[in-house]
Amino acid sequence: MEKKAKEISASKTCKSERRQHGFTLIEVLVVIGIIGLVMSLAIPGIGLVMKANINNSSRELATVIRSAHDESILKGSVYRVAFDLDRGEYWVEVGDRNFLMSSPEQIELERKKNERRSDEEKEKHKDPFQLAQQVTKKKRTLPLGVKFNEIFTSRSKDAIKGGVAYSFVFPFGFIEKTIIHLKDDMERETTLVVSSVTGKSRMFEHYVKDVD
């Protein structure tokens, strides 16, 4: 009995020592192999999710732009689709039908002037546009990992890469030609080319500079 007790004690001591020494090389290799297998299965899945995100974002944008086009025909007012490239947000605004369109440079100059104005002066120079809640009840945000890469409009000489860009929709449905480039964290790109006449957008799953 005493011998058996010593053997059991020795066995426990041996196991205890092994636990104190940590994992064996084989155990470490098994863990690394499992992690590698999980990663190999997860990464393609993440890629597919992000691809779905950028494609869905393009379709949602196209729907919003078409809705603004349809509302302009229905209401006979000037609408504009706003794109905040820095925050990844977009929305639709409505203004007076007699609004005179400004160039991007004039809009940016007016924005800088407005920053220096008092509250009373800001009220006098209030933006004639307000959120078109019948189209977008609030500002919409692009999903995580997707951003506006650049935007071209018929008024912009160069690609708009920052700040807020506008695409105007005039009474009876004429919309300025707009090209929107989206990009995700995996460097995939989609392009939306908006038709001036129909307000419909053609989507390309790659970068397109212009389409006739």
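With respect to (1) modelled with pLDDT of 95 or more; (2) of a type in the set (Val, Ile, Thr); (3) touching a Ser or Thr at 6+ places or on another chain (Cβ under 6 Å), the lone exception for VAL64 is condition (3). Contact annotation: residue pairs with Cβ atoms under 8 Å, 6 or more positions apart or on different chains, pairing a residue in segment 152-175 that is more than 21 Å from ASP70 (Cβ to Cβ) and among the β-branched types (Val, Ile, Thr) with a partner that is assigned to a loop (DSSP other than H, G, I, E, B) and at pLDDT 95 or above, are ILE160/LEU85; VAL164/LEU85.
Just a yes or no: is a residue in segment 173-189 in contact with a Gly (Cβ under 8 Å, 6 or more places away or on another chain) and over 22 Å from GLY162 (Cα atoms)? Yes, the conditions are met somewhere in segment 173-189.
Going by the conditions given, is ILE180 buried (at least 17 other Cβ atoms within 10 Å of the Cβ) and at pLDDT 95 or above? So that I can check it myself, show each step before the final result.
Details: buried (at least 17 other Cβ atoms within 10 Å of the Cβ): yes; at pLDDT 95 or above: yes.
Answer is yes for this residue.
If you go through segment 186-204 and pick out every residue that is outside any loop (DSSP other than H, G, I, E, B) and either β-branched (Val, Ile, Thr) or farther than 13 Å from SER58 by Cβ (or both), you end up with 4. Scanning segment 137-184 for residues that are within 17 Å of the chain's Cα centre (by Cα) and not in a strand (DSSP E or B) gives LYS138, LYS139, LEU142, PRO143, LEU144, GLY145, LYS161, GLY162, GLY163. Among residues belonging to segment 98-136 that are at pLDDT below 70 and in a loop (DSSP other than H, G, I, E, B), point out the one that is surrounded by the most Cβ atoms within 10 Å (Cβ to Cβ). Applying the filter and picking the extreme gives PHE99.
The values are calculated or read from the model by the stated rules, or taken from the named source; none is laboratory data. Here the structure is a predicted model, which means the values were calculated and not measured. Quick reminder, even Gly has a Cβ in these numbers, built from the backbone with ideal geometry, and neighbours come from all protein chains shown.
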